[in-house]
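Below: one structure, written as structure tokens.
The values are calculated or read from the model by the stated rules, or taken from the named source; none is laboratory data. Everything numeric in this text was worked out from a predicted model, so none of it was measured. No Cβ is skipped: glycine too gets one built from the backbone with ideal geometry, and neighbour counts run over all protein chains shown. SASA here: full protein model, heavy atoms, side chains in, ligands and nucleic acids out. Shrake-Rupley method; radii C 1.70, N 1.55, O 1.52, S 1.80 Å.
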Amino acid sequence: MKNKKIDYNREYKELRNKLFSRAAIMVFSGAVILIFGLVLKGHFANGLVWFLNSVLKIDYGVSLNLYQQIFRNNADVITLAACIVVFYILLQFYLNQFTKHFIEVNRGIDALIREDTGEVILSPELSATEKKINQIKHTLEKRKIDTQLAEQRKNDLIVYLAHDLKTPLTSVIGYLTLLRDENQISEELREKYLSISLDKAERLEDLINEFFEITRFNLSNITLEYSKVNLTRMLEQLVFEFQTMFATKNLKCTLHTVPDIMLKCDVDKVQRVFDNLLRNAVNYSYEDTTIEVSAEQDDSQIILKFTNRGNTIPEEKLGRIFEQFYRLDTARSSSSGGAGVGLAIAKEIVELHQGTILAYSKNELTCFEVTLPLS
């Protein structure tokens with residue numbers, strides 16, 4: 001960035017030097033013309049008298065008298081008028097050259113407004129401004145594309161979610177209808193239908209929460225309310241609350257941490273980060289494997305890791321994993337996975353705490369590492 005600034009200063013200095021050179025040339029030209037006029041003043045008198053006498057056939061004495069009456073007696077006025085005319089012509093020429101640059105810059109800005117394709121081309125002396133305008137143009141184009149892609153991903157996910165809402169809802173209605181209409185149903189079958197209906201209703205609740213998650217992510221600004229929390233106990237409580245989810249895939253979860261790590265943070269927001277990361281680990285873990293959660297503290301920060309065993313995430317997908325509405329399983333399964341906002345929200349919350357969040361995936365091990373400052 002520093003090199004670019006130096007280059008721009010050099011190019012602007014060149015433009016200033018060119019404008020100064022043109023101004024100097026204008027002044028010098030005016031001075032030369034005036035000096036040349038003074039030198040030729042006697043020749044001008046002789047030439048004018050000769051023209052009146054020889055060409056127009058006016059008597060020599062009359063011609064000389066006309067010169068004296070018209071030019072010689074008004075020499076100061078004529079000289080001043082000549083100076084003004086010469087200066088005006090030179091000034092117009094200089095201003096035309098000067099304002100040409102503003103016209104070119106305005107054309108470049110108009111190209112930005114019209115969103116024209118192709119590079120903006122300016123005069124060589126405006127190369128620094130040309131680079132700036134083209135940088136702005138490329139930035140605006142990238143932002144437009146990113147916005148369109150984000151909007152498309154959001155629309156696709158809403159369509160997917162709306163479609164997924166119908167599946168559990170249809171099941172709930174179907175099983176409840178059976179329970180209502182079948183009078184002779186066995187107690188075992190009744191419990192089975194109720195269990196399936198409850199599972200589908202819970203899945204329906206998750207999908208509805210995803211809709212709210214999308215709305216909150218886009219329409220609200222996240223603000224932090226700091227307080228002190230025992231991070232160790234928070235993690236222990238979180239692991240305990242996930243036992244039901246672990247059981248669905250026969251997962252185990254081990255927590256490695258020292259007792260009573262204290263952290264000043266927005267407790268609800270940080271808990272939301274950990275909830276999202278642990279939920280993500282459950283969704284993408286192989287069955288019958290172990291999820292590991294660890295927390296280490298040094299003098300200035302706390303490092304937390306959430307590690308699970310599952311499919312290795314390709315490098316190109318790993319680079320986009322924190323993008324809004326990005327999902328690893330683009331084909332989407334209706335039984336698991338979220339709307340693709342959980343990790344994006346986690347990243348925003350961590351960065352608001354002046355921390356970092358990174359993802360690693362290799363040899364069927366995926367790790368999310370969160371670093372939070374102690375103060």
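Quick notes on this structure:
- Against the rule of thumb 2.2 N^0.38 Å, how large the Cα Rg of the stretch 82-146 comes out: 1.56
- A crude spin-label estimate for the pair Ile84 and Glu191, with each label 7 Å from Cα along the Cβ direction, gives 11.2 nm.
- Options Gly319, Asn283, Thr232, ranked by Cα towards positive dipole end of the stretch 174-324, top entry (Cβ charges): Gly319
- Within the assembled protein chains, the solvent-accessible surface assigned to Thr99 is about 60 Å², based on a 1.4 Å probe.
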